[in-house]
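The values are calculated or read from the model by the stated rules, or taken from the named source; none is laboratory data. Computed from a predicted structure; not experimentally measured. Heads up, the Cβs are rebuilt from the backbone with ideal geometry, glycines too, and the neighbour counts pull from every protein chain shown.
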Amino acid sequence: MKTIMKKILFTLLTLVLFSTGEIKAQNSFFSLQYSMGFGMGDTKDFISPASFRGVGLEYRYFPEPAVGVGFETGYNLFYERKNYATYTQGAESLSGVQYRYIHFVPVLAAVDYYFIPDTKFNPFAGLGLGTLFSEKTIEMGVYNNTTDVWQFSLRPEIGVLFAAPGFDLIVAGKYFTAFKANDNPAQNYFAINLGILF
């Protein structure tokens, strides 16, 4: 998983860096963001600490000054070390120190509405629709259990664009919901993203 994500992020970053001149000329932008995640619901029940290992990548095209359409992807890693205890799953009980991980990768189409376009402080609200890949792992000694799933996902967002001297910034709050699918529970997390526009 880590090797695949590194290759994907390297490829996307390379595309951003080599595309910046043409993108600005077309009333659009790429954004590279640092992402902090906070588990909600079943996600928080499984791993309670916040995630400070995350990245986001977005593209927006503006058919009109107040409307941006595009796509986004990203990556958040949640991790927790559980103290020595006896853990029961199904008919099995094991004792030991447990390590838990969840890797999240959203792949979403998105649309945003910008309230005061062409200003230095431009708040916006948006909605994303697509899928969320999650890989959940429990490690305890020689025991390793990993499950992964793609789930239908919805992501509301609010944020603001700042025009700073020489570059533009984005700050956004996003709430990712991946709906329950078969035996896989719903996954929810809130992310605070801070990034730069190209």
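Some observations on this one:
- Among (1) free of Cβ contacts under 8 Å to residues at least 60 places away in the same chain; (2) more than 19 Å from K136 (Cβ to Cβ), the one test that Q33 misses: (1)
- Criterion: without any contact (Cβ under 8 Å) to a residue 24 or more places away in the chain and under 26 Å from T43 (Cβ atoms) - qualifying residue of N184, N144, N188, N193: N144
- One residue stands out among those in region 65-80 that are over 18 Å from E135 (Cβ atoms) and not aliphatic (A, V, I, L, M): the one that is surrounded by the fewest Cβ atoms within 10 Å (Cβ to Cβ), which is P65.
- All positions within region 118-151 that are closer than 16 Å to P185 by Cα and aromatic (F, W, Y): F133, W150
- Here is the figure for region 181-198: residues that are surrounded by 17 or more Cβ atoms within 10 Å (Cβ to Cβ) and out of contact with any strand residue (DSSP E or B) (no Cβ under 8 Å at 6 or more places or on another chain) total 1.
- So F104, is it closer than 29 Å to N182 by Cβ and touching a residue at least 60 places away in the same chain (Cβ under 8 Å): yes
- K24 vs. criteria surrounded by fewer than 21 Cβ atoms within 10 Å (Cβ to Cβ), out of contact with any Ser or Thr (no Cβ under 7 Å at 6 or more places or on another chain), at pLDDT 95 or above and part of a helix (DSSP H, G or I): no
- Sole exception among (1) out of contact with any strand residue (DSSP E or B) (no Cβ under 6 Å at 6 or more places or on another chain); (2) under 22 Å from Y189 (Cβ atoms); (3) of a type in the set (D, E, K, R) for R53, by number: (1)
- Of all residues in region 147-180 being loosely packed, with under 13 Cβ neighbours inside 10 Å and among the hydrophobic types (A, V, I, L, M, F, W, C), the one that is nearest to the chain's Cα centre (by Cα): F167
- D118, sole failed condition from (1) surrounded by fewer than 14 Cβ atoms within 10 Å (Cβ to Cβ); (2) of a type in the set (D, E); (3) over 30 Å from F162 (Cβ atoms): (3)
- Pairs, first over 17 Å from V107 (Cβ atoms) and of a type in the set (S, T, N, Q) in region 53-77, second crowded, with 21+ Cβ neighbours inside 10 Å and at pLDDT below 95, C-beta under 6 Å, six or more apart: none
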